[in-house]
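Derivation of every value follows stated rules applied to the coordinates shown; laboratory data play no part. This structure is a prediction, so every number in the text was calculated from the model and none was measured. All Cβ positions, even for glycine, are placed from backbone atoms using ideal geometry, and neighbour counts span all protein chains on display.
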Amino acid sequence: MILNGKVALVTGASRGIGAATAIKLASHGASVAVNYNNSEAKAQNVVETIVKNDGSAISVKANIFDQTESEKMVGQVEKQLGKIDILVLNAGANFKMASFMEQSWEDFENKILREVKGSFWTIKAVLPSMIERKSGSIIIVSSGLSRKPGFGFSSHTTAKSALDGFAKALAFELGPQGIRVNVIAPGLTLTDATSFMQPSQIDAAAGFVPLRRVGLPEDIAGAILFYASDESKYITGNYLPVNGGQIML
Ligand SMILES: NC(=O)c1ccc[n+]([C@@H]2O[C@H](COP(=O)([O-])OP(=O)(O)OC[C@H]3O[C@@H](n4cnc5c(N)ncnc54)[C@H](OP(=O)(O)O)[C@@H]3O)[C@@H](O)[C@H]2O)c1
């Protein structure tokens, strides 16, 4: 129960990595706000799973690419659960997988702007109470593709690289105020976002991973738990690949 008494907000927690993270943080004692945008029933399922296991959670609807909704979300969580100690920025922006020559500027710009806005407004909203208490852990979910590009992922690589730089800048600026900012970089992980892949493609991908399997949401959640807790209290500005050894920095 290394997060006893802590309040955590996880964006995009109705499904996939976010849902596994919300359940993991709650299982270690945190009161968790499960953010969703469209999947209300799935977010409610996550809350019920947590409560059934004697944890504490609420669901909170917000499109985190929107300033007003992000600010309202943070206000609601603070009112219902208390000041936020742990912020996990997990919800990412979807994008068009295509070669660079097939990308329009509009699609490219849209991906980058949404990815950065999805962290910007929520971080701005949680910071006043973190600064006041000189404590807080912010975890941004990037992607291994920010360091090791793949064909068709140019907008994703660019957008996630922006988040990586943003996290370092914030870690530098907020360290003196007791606030840590770290990045988790998942490799291929089995979620709705990767459900378009055929089993044969997943097996082939696993063959390139030293641990010989692709990631599960729980694998990523475990690494997020580490950054959320005081077990990592002297680590900030870090980039942690969670990919079974596929990318070694
Ligand atoms: N899966 C992978 O292989 C992989 C690899 C590297 C990095 N990542 C990163 O990991 C993160 C999670 O990915 P995932 O695979 O778990 O995704 P996922 O299964 O597709 O789930 C996406 C989640 O994000 C939420 N979301 C989307 N847009 C939102 C918005 N505007 N406001 C609030 N919530 C929003 C969705 O909520 P609703 O359904 O309620 O809209 C859902 O809970 C992303 O940042 C992704 O880039 C994933």
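Put a dot 7 Å past the Cα of Arg213, heading toward its Cβ, do the same for Met1, and the two dots end up 3.0 nm apart. Estimated purely from DSSP H runs of n ≥ 4, each contributing -39500 (n - 2.57), the mean residue ellipticity at 222 nm for the chain is -14500 deg cm²/dmol once divided by its residues.
How would segment 167-243 be classified by its alpha-carbon gyration tensor: rounded, prolate or oblate, with rounded meaning a/c under 1.5 and the a/b versus b/c comparison settling the rest? It is prolate, given that a/c is not under 1.5 and a/b is the larger ratio.
With all projection directions averaged, the alpha carbon convex hull of segment 7-242 covers 12.7 nm².
Cross-link pairs exceeding 26 Å between alpha carbons, from the set Lys72/Lys233; Lys168/Lys233; Lys52/Lys111; Lys61/Lys134; Lys72/Lys148; Lys52/Lys117: Lys72/Lys233; Lys52/Lys111; Lys61/Lys134; Lys72/Lys148; Lys52/Lys117. The dipole here belongs to segment 7-242: it is taken about the Cα centre, uses +1 on the Cβ of Lys and Arg and -1 on the Cβ of Asp and Glu, and is about 300 debye. Farthest toward the positive end of the dipole of segment 7-242, out of Ala93, Gln76, Ile220, is the Cα of Ile220, where the dipole comes from beta carbon charges about the Cα centre. With respect to the chain, whose longest principal axis is taken over its alpha-carbon atoms, helix 217-228 is tilted by about 50°. In the chain, taking the dipole from charged Cβ atoms about the Cα centre, the farthest positive-side position among Gly152, Gln198, Val47 is held by Val47.
Ranked by how many other Cβ atoms sit within 10 Å of their own Cβ, fewest first, the residues Leu190, Leu216 fall in the order Leu216, Leu190.
Each label point was placed 7 Å from the Cα along the Cα-to-Cβ direction; for Glu102 and Leu249 their separation is 3.0 nm. Helix 40-52 versus the longest principal axis of the chain: what is the Cα-based angle in degrees, 0 to 90, to the nearest 10? Around 60 degrees separate the two axes. Seen against the Cα atoms of the chain and their longest principal axis, helix 67-80 is set at about 40 degrees.
Counting neighbouring beta carbons within 10 Å and listing from fewest to most, the residues Asp230, Asp107 come out as Asp230, Asp107. Taking chymotrypsin sites (Phe, Trp or Tyr not before Pro) across segment 86-152, the ones in a DSSP loop with at most 15 further Cβ atoms lying within 10 angstrom of their Cβ are Phe151. Only Cα pairs under 8 Å and 6+ residues apart enter the sum, and on that basis the relative contact order of segment 7-242 stands at 20 percent.
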